[in-house]
Amino acid sequence: MSSARLITEMRASFALALPLVLGQLSSVAMNVVDTLIAGHHSAQALAGVAVGSAVWSLVFLILIGVLMAVPPTVSHLNGAGQRHAVGSVFRQASWLALVMGCGLFFLVRSAGPLLTLMGIDADVQPGAQAFLSGISWGAPALALYLAFRYVSEGVALTRPTMVFGIVGLLLLIPLGYALMHGRFGLPGLGPLGLGIATSVVLWLQAISMLGWLAYSRRYADLALFSDFEWPQWAPIADLLRLGLPMGFAILMEGGLFVATALIIGTLGLVAVAAHQIAINIASACFMVPLGIAMATTVRVGFAAGRGDGDAVRWAAGGGYALTAITQVLSAALLVLFATAIAQAYTRDTAVVALAAQLMGFAALFQLSDGLQAASGGALRGLKDTRIPMVITVLSYWGVGMPIGWWLGIVREQGAAGMWVGLIGGLSAAAILLTWRFVVLSRGKPPRISAADLDPPITLPHP
């Protein structure tokens with residue numbers, strides 16, 4: 001009976017996760033497309049886009065982390081039979097996203113001093129700044145798009161994430177190529193053009209997702225557009241109390257990767273280009289467990305909203321099982337096809353050799369990366385965010401970065417040493433986050449309700 005229940009849970013998680021995985025893959029594939037287009041322009045353009053993408057990924061991670069408060073909030077309301085309250089969450093989350101997106105727009109455009117402070121190669125900085133100048137216009141659009149899609153995902157409607165993600169990717173390929181190289185009557189703007197193309201696609205995605213929420217009948221009972229609301233501090237504060245620890249935790253994880261990229265940026269063009277190729281592929285692989293984790297958040301949150309502790313454990317178990325399968329497959333692909341993948345990015349033999357080596361390290365951390373994602377998703381479904389935040393900081397910056405710095409810089413092992421640090425940080429996070437979930441769900445926990453969780457959900461009056 002246990003095996004049958006686990007298979008049932010895996011099927012339910014798979015059905016919810018597949019569109020999320022494809023949507024997440026399409027989002028990361030936008031960075032992959034940027035890198036591929038830049039790689040076929042020149043090594044200098046590839047390095048510039050690599051560093052610019054590392055800085056932009058901070059924006060992406062901040063927005064994802066804070067706005068990830070929306071799915072568990074919405075799924076709790078859905079599970080508790082309070083779908084009428086979702087409209088207010090949508091409106092307040094939209095205000096929060098707009099303010100965050102505008103603030104990050106100005107921060108991205110001011111990233112030049114950061115590149116200098118980090119000692120990025122002088123040949124790399126102009127391309128990185130040009131790319132950031134173009135893509136910065138997409139920060140508000142990215143924030144709004146995430147808020148819109150997270151509302152949909154919170155009520156277990158995940159296909160729009162897949163559709164708009166794939167369509168955006170298909171639009172970026174010709175537009176990015178044209179503005180980078182000067183084709184189809186458009187000017188060749190190099191890295192600047194690539195950034196502008198990405199911004200255009202992000203705005204199209206945000207507008208399209210908003211239109212879908214407005215006109216699809218599946219959202220009619222949510223009353224998303226039934227009223228206009230100015231920003232209200234109480235519900236926004238609830239989202240921030242839940243989202244800021246998640247945002248900080250995700251920023252710490254992503255910050256480890258970004259800091260690794262910036263440190264490698266001081267090691268020359270070959271190291272930067274090889275790292276960008278390997279991290280592109282590793283990030284693409286991570287989108288699979290991340291999509292499963294997001295589905296786990298929704299399913300665990302729905303069960304918690306109903307007060308069903310047993311269903312919480314089974315929903316998490318289905319997510320863990322799916323993650324284990326996908327991560328073994330990812331590791332095998334990285335081991336078998338590393339060189340072929342690197343050759344698709346560039347013809348530079350030195351870059352190909354180093355990138356293939358780094359992808360071997362990526363294969364080693366696939367299981368731990370997936371496990372920490374699955375545990376994080378289950379904990380978010382329980383709205384447990386503060387202790388995971390502490391765990392993340394200790395794992396990535398107390399374990400991962402010191403190991404990487406010592407091996408890569410002090411022991412002069414270069415990019416390879418930095419990647420060993422990534423393995424250490426992810427492994428520590430996987431062990432501790434899994435332990436945290438086991439502790440919370442061990443035995444027969446008390447029945448969970450929205451009001452019992454920290455922070456509690458603030459429901460607007462019907």
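Would you mind computing, in nm to one decimal, how far apart the modelled labels at V335 and Q232 are, each placed 7 Å from Cα along Cα→Cβ?
5.5 nm
Measure off, as a whole percent, the carbon and sulfur share of the 1.4 Å-probe accessible area of the chain, all protein chains present.
Values: 12620 of 18120 Å².
About 70 percent, which is the carbon plus sulfur part of the accessible surface.
Computed from these coordinates, which is Kirkwood radius over Cα pairs in Å: (1) 22.8; (2) 22.2; (3) 23.7?
(2)
Mind checking the dipole of the chain: about its Cα centre, +1 per Lys or Arg Cβ, -1 per Asp or Glu Cβ, Debye to the nearest 20?
Values: 23 positive and 18 negative charges, 181 e Å.
Value, rounded to 20: 860 debye.
Under the classification rounded if a/c is under 1.5, otherwise prolate if a/b is larger than b/c and oblate if not, where does the range 303-407 fall, given a ≥ b ≥ c as square roots of the Cα gyration tensor eigenvalues? Provide the component values of the computation, followed by the final result.
Values: a/c = 3.73, a/b = 1.79, b/c = 2.08.
Because a/c hits 1.5 or more and a/b fails to exceed b/c, the range 303-407 counts as oblate.
What do you get for trypsin sites (Lys or Arg not before Pro) in the range 317-383 restricted to DSSP loop and a cutoff of at most 14 other Cβ within 10 Å of the site's Cβ?
On the way: sites: R347, R380, K383; in loops: R347, K383.
Sparse-neighbourhood loop trypsin sites (Lys or Arg not before Pro): R347.
Only sites in a loop by DSSP and with at most 16 other Cβ atoms within 10 Å count here; which trypsin sites (Lys or Arg not before Pro) in the range 209-264 make the cut?
none
Per residue, what accessible area does the chain have, given a 1.4 Å probe and all protein chains present, in Å²?
On the way: 18120 Å² over 462 residues.
Per-residue accessible area for the chain comes out at 39 Å².
The values are calculated or read from the model by the stated rules, or taken from the named source; none is laboratory data. Here the structure is a predicted model, which is why all the values come from computation and not from measurement. No Cβ is skipped: glycine too gets one built from the backbone with ideal geometry, and neighbour counts run over all protein chains shown. Please note that ligands, DNA and RNA were not included when accessible areas were found on the heavy atoms of the full protein model with its side chains. Shrake-Rupley method; radii C 1.70, N 1.55, O 1.52, S 1.80 Å.
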